[in-house]
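Asker: Encoded as structure tokens, here's the structure I'll be asking about.
The values are calculated or read from the model by the stated rules, or taken from the named source; none is laboratory data. Since we're looking at a predicted model, the values are computed, not measured. No Cβ is skipped: glycine too gets one built from the backbone with ideal geometry, and neighbour counts run over all protein chains shown. The protein model used for the area step is the full one, side chains on, heavy atoms only, and it has no ligands, DNA or RNA in it. Shrake-Rupley method; radii C 1.70, N 1.55, O 1.52, S 1.80 Å.
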Amino acid sequence: MRLYIRIIAAALAIWLGAVGAYAQNAIINSVVIDPSDVRAATMEFGRKDYGGIPCALVLVSITGDEEVQFEGNYMKDYLVRKGSEYWVYMIDGTKRLRFHSPKFKMVEIVFADYGIPHLESEVTYRIDVTVPGAITPESRRHLFITVTPADASVYVDGKERMPEDGISTAFLAPGVHTYRIEADGYHPAEGKVRIKKSNEKIIVRLQPQGNIRIHPYKTASGKLGFQDQNGKIVVKAVYDKVFGAGNIYWGTQNGKYGMIDPRGTVLTPCIYDNVLTTNTEGVFIVSRNGYYGVLTESGRLTVPCDLDKVSTTSAKALVVIRNGKYGLVDENGELVIPCENEEITDFYDGLAGIKKDGKCGYINTSGDVVIPLQYDGIGHFSDGVARVMSNGIYSHIDREGKSVGAPR
């Protein structure tokens, strides 16, 4: 019997030790009033307690992907998590706050210990907490998911990440993450993406279910609109011409172009003089009043119509020119290199030449400088090698910028 008790006691000690090793003590870096943050006093972000008295807003920033449990005089219905920051709405006069997670032990904040006698209505406070060994924000990277339709529901690792203008953003630790995209009338899509040392971008286009594909119809007056497969009118006959299929349709009025999605939602009014397709599905070049811009299939004008020229490349990117200066638009339709360069060439072997302030280097289709701007002249890559010139001396480099062969 005594042996049995000793075994149980030893096992309990080991278990408690393991729990203690796992649940660490969090470090309180700061507890302060933020007088510059007035959100607690606004109609949009301010909240009231059950007695109608405005709450204080406590922004608790915690490193790591913690599922934090709070205790104290806070309004549970209003608790919001935004990345590593929790918005805790607390009752006027509150003097302390407690919280913990599976990864750190209970923390009790006594506000008087930090020169704050108690919390006050419509005032914003900030608490910064570090969990030893946690993944810090510096090690995390952004995952950008461009979705079609733009109002689709996006879930990353099971958590909803609502898109804005067709782009959903998640701030994630390195590793493999899952995503799922859903929208009424579309087939869902899911998959995995690996976050490494840099931000990651993916494009997900949901395919319409057969019963929501729309087709043109024509009235006796000659005007065109769209109807679904059941003959239900989803876009009134207001267009002179219509064309397109799949995820995007176009209509014209008085020679101007507008964009429509497969559900009949008018994404843009008829304001563009012309529309041109690109090498990237879902990215369009539009013109207006003699200038060019870039429009995505979500209806978002990612680059305004103030460009002098937009050129497609052999890759899924666009070279754009404004006031004689060159920039780059990536496959998401985003301006990743501003129009500040003297030249950007086409892509060869996946790399394009770029020149700024008289010096040349190379970029990839995402706009990253992969070979620094350090040469006086450069040539195109071919079979992984390019000719470059510095101080009048020519040499060859590989795609990593390393010398190949002797200079001459």
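Asker: Per residue, how large is the accessible surface of the chain? Use a 1.4 angstrom probe and give square angstrom.
Answerer: Value for the chain: 53 Å² per residue.
Asker: I'd like the projected area of region 163-206, averaged over all directions, using the convex hull of its alpha carbons. Report it in nm² with one decimal.
Answerer: 3.4
Asker: Here is a further query. Could you list which residues have their amide H under 5 Å from that of Arg300, counting only those 5 or more apart in sequence or on another chain, with H placed in the peptide plane?
Answerer: Close amide H contacts, sequence-distant or interchain: none at all.
Asker: Under the rule that an exposed site lies in a DSSP loop and has at most 12 other Cβ atoms within 10 Å, name the longest stretch of the chain with no GluC sites (Glu not before Pro) of that kind, not counting the sites themselves.
Answerer: Of all site-free stretches, the longest is 68-399.
Asker: Moving to a separate point now. For Asn391 and Val369, what does the FRET efficiency come to when R0 = 25 Å and r is the distance between their Cβ atoms, rounded to the nearest 0.05?
Answerer: Result of the calculation: an efficiency of 0.75.
Asker: Keeping all protein chains in place and using 1.4 angstrom, which order do Ser382, Ser390 fall into by accessible surface area, from largest down?
Answerer: Ser382, Ser390
Asker: Take the alpha-carbon positions of region 333-384, form their convex hull, and give its projected area averaged over all directions (one quarter of the hull surface) in nm².
Answerer: Computing the convex hull of the Cα atoms and averaging its projections yields 3.5 nm².
Asker: Oh, and also: Tell me whether region 289-408 comes out rounded, prolate or oblate; compute the Cα gyration tensor, take square roots of the eigenvalues as a ≥ b ≥ c, and use a/c under 1.5 as the rounded threshold.
Answerer: prolate
Asker: Loop only per DSSP, at most 14 neighbouring Cβ atoms within 10 Å: give me the trypsin sites (Lys or Arg not before Pro) in region 135-241, ordered by residue number.
Answerer: When the trypsin sites (Lys or Arg not before Pro) of region 135-241 are filtered for loop state and at most 14 Cβ neighbours within 10 Å, Lys196, Lys197, Lys232 remain.
Asker: In degrees, nearest 10, range 0 to 90: what is the angle between the Cα axis of helix 2-22 and the longest Cα principal axis of the chain?
Answerer: Here the helix axis deviates by roughly 40 degrees.
Asker: Follow-up question, since we're still on this one. Which of these, Ala112, Ala170, Ala152, has the largest mean-square fluctuation under a Gaussian network model of the chain (Cα springs below 10 Å)?
Answerer: Ala112
Asker: How big is region 161-308 by Rg and Dmax over its Cα atoms, in Å?
Answerer: Cα-based Rg and Dmax for region 161-308 come out at 17.6, 60 Å.
Asker: Also, quick follow-up: Please list the non-local residues whose amide H lies under 5 Å from the amide H of Lys48, H modeled 1.01 Å from N, same-chain partners needing a gap of 5 or more.
Answerer: Amide H to amide H, under 5 Å and 5 or more residues apart or across chains, Lys48 pairs with Cys55.
Asker: If you don't mind, there's one more thing I want to ask. Report the local net charge at Lys241: Lys and Arg +1, Asp and Glu -1, summed over other residues whose C-beta lies under 13 Å from its C-beta.
Answerer: +2
Asker: Here's something else I'd like to know. Tally up the carbon and sulfur contribution to the accessible surface of the chain as a whole percent, 1.4 Å probe, everything protein left in place.
Answerer: Carbon-and-sulfur percentage of accessible area, whole number: 51.
Asker: Sticking with this structure for a sec: Using Cα-only point scatterers and the Debye equation, what is log10 of I(q)/I(0) for the chain at each q in 0.07 Å⁻¹, rounded to two decimals?
Answerer: For the requested q values the scattering log ratios are -0.55.
Asker: Same structure again: Can you list residues from other chains, or at least 5 along the same chain, whose modelled amide H is less than 5 Å from the amide H of Asn199?
Answerer: Amide H to amide H, under 5 Å and 5 or more residues apart or across chains, Asn199 pairs with His142.
Asker: What's the FRET efficiency of Lys196 with Lys95 using the Cβ-Cβ distance as r and R₀ = 45 Å, to the nearest 0.05?
Answerer: Step by step, r from the Cβ atoms, then E = 0.50.
Asker: How large is the charge dipole for region 130-264, taken about the Cα centre, if only the Cβ atoms of Lys, Arg (+1) and Asp, Glu (-1) carry charge, to the nearest 20 debye?
Answerer: Its charge dipole is roughly 340 debye.
Asker: In the neighborhood of Cys270, defined by Cβ-to-Cβ distances under 12 Å, what is the net charge if each Lys or Arg adds +1 and each Asp or Glu adds -1?
Answerer: Cβ neighbours under 12 Å give a net charge of +1.
Asker: When only the heavy atoms of the protein chains count and the probe is 1.4 Å, how do Met389, Met162, Met259 rank by accessible area, highest first?
Answerer: From most accessible down to least: Met162, Met389, Met259.
Asker: In addition: Per 0.36 nm of contour for each residue apart, how much would the distance between Glu44 and Glu164 grow if the chain were fully extended, relative to their Cα-Cα spacing?
Answerer: Difference between extended and current length: 41.4 nm.
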